[in-house]
Amino acid sequence: MQGLLKRFWQWVQQFFAQAFGSSSPLKGDGKNALTQPLSDTDYEFLFSQLLDGVAHGWHEGRILKYFEDLGERGKAKLWVAWLGRFGEKALSSAAPNLQLAARMMRLGELAQSFQKIEPIGQAAYDIGRKLYTREADSAVWEYVGPDTKVTDVMPTEVKPLTLEESLGQNPPPPSEPPQTETLTIEELTARLQQDPELASQVSQQLGIDSTDPQTLVDALISHFEAQQPPDTADRTQSSPETVETYYNQGVEQANLGDLDAAIALWDQALAIDPNFAPAWHNRGSALGTIGQFEEAIASFDRALALNAQDIEALNAKGQVLYSLGQWPDAIACWDQVLAIQPNYYQAWYNRGSALELMEKPSEAMESYQKAVEIEPTFELAQNRLQALSQE
């Protein structure tokens with residue numbers, strides 16, 4: 001039991017380090033660090049969370065609450081100043097940034113509803129518009145969710161790109177976990193009881209409405225248990241490595257930015273079970289990211305042979321073929337996606353991008369129009385429609 005409690009506490013420390021940047025509010029004397037100035041790395045982490053929320057449908061009030069929950073660190077003038085620095089870095093990068101551009105413009109539109117955060121939204125929109133204008137002519141829409149939906153099999157998923165990755169930079173190495181004493185469950189509950197602002201922040205990070213300390217602790221325990229390998233409590237020290245173990249270790253390495261190590265671990269998983277489709281899928285995504293396109297296609301084909309309904313694998317294969325200039329084959333992939341899910345508007349947009357490059361503007365406009373009909377707020381498709389109609 002003590003060993004399990006220690007692992008739980010280590011997980012809690014990591015949770016707080018990710019949620020609050022480099023300073024955990026449970027470190028040292030337990031005073032909340034919410035009043036400490038944010039570093040640029042902290043801003044980028046928080047902004048990445050915000051943009052992920054926007055991509056998943058956050059409404060205007062939810063965005064306002066995000067900044068209000070940051071207290072003094074959520075003031076508009078501080079964020080506008082940081083966005084100025086961030087914009088310079090984003091615009092100087094040669095890495096594709098259309099996804100980032102779209103999210104920032106959407107944030108700008110939503111933030112106009114509240115005067116308190118309107119300056120943040122305007123600054124974000126201006127940067128997003130500049131990024132979009134520079135790159136929209138040659139881009140396809142990338143799938144922005146998890147690479148594989150295997151939460152019923154494995155506890156961990158490959159996550160979307162971080163801001164550093166979207167800017168073509170390697171993320172900083174993970175910092176060492178803070179050296180603190182291990183709290184008991186009761187002490188953690190008491191800490192949350194004593195610090196309502198901390199409880200509010202934890203509630204936000206967990207995505208639940210309640211700030212009741214016991215509810216928050218129960219939620220933390222549930223998250224911890226969900227991320228443990230199967231049968232953790234029953235394992236002996238000599239337990240053999242399994243497909244799931246290698247797969248999860250590969251996901252961890254991918255999230256740290258070490259794609260070569262991730263691929264090697266997924267290869268070990270596939271050596272045990274060649275029919276484990278999620279490993280083939282993630283392997284293909286990683287290979288595509290590092291430019292090994294032919295191998296990526298081969299991995300996607302293996303994943304699709306095992307699960308022909310994997311629309312994310314089909315979409316990703318289409319992106320790789322698009323990068324190789326094999327536009328008819330890319331369109332064929334997106335047609336397969338649309339045969340399975342006709343309302344997958346990103347595939348309609350990608351299809352239009354390829355048709356443009358094939359110098360078929362009228363057919364491209366039809367695809368863009370379909371994307372807009374399905375998702376009227378999809379500005380990338382709207383802008384391409386407008387540009388083509390003026391030619």
Looking at this model, which pairs from Lys89/Lys130; Lys65/Lys370; Lys77/Lys130; Lys130/Lys370 are more than 24 angstrom apart at the alpha-carbon?
-> Lys65/Lys370; Lys130/Lys370
Give the shape of region 228-360 as rounded, prolate or oblate, defined through the alpha-carbon gyration tensor: a ≥ b ≥ c are the square roots of its eigenvalues, a/c under 1.5 means rounded, and otherwise the shape is prolate if a/b is larger than b/c and oblate if not.
-> prolate
Residue separation between Asp209 and Glu363 times 0.36 nm, minus their alpha-carbon distance, gives in nm 50.8 nm
Return one whole number: the accessible area per residue of region 264-391 in Å², for a 1.4 Å probe.
-> 44 Å²
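The values are calculated or read from the model by the stated rules, or taken from the named source; none is laboratory data. Given the structure is predicted, the values throughout are model-derived calculations rather than measurements. Ligands, DNA and RNA are stripped out before the accessible areas are found, and what is left, the full protein with its side chains, is counted by its heavy atoms. Shrake-Rupley method; radii C 1.70, N 1.55, O 1.52, S 1.80 Å.
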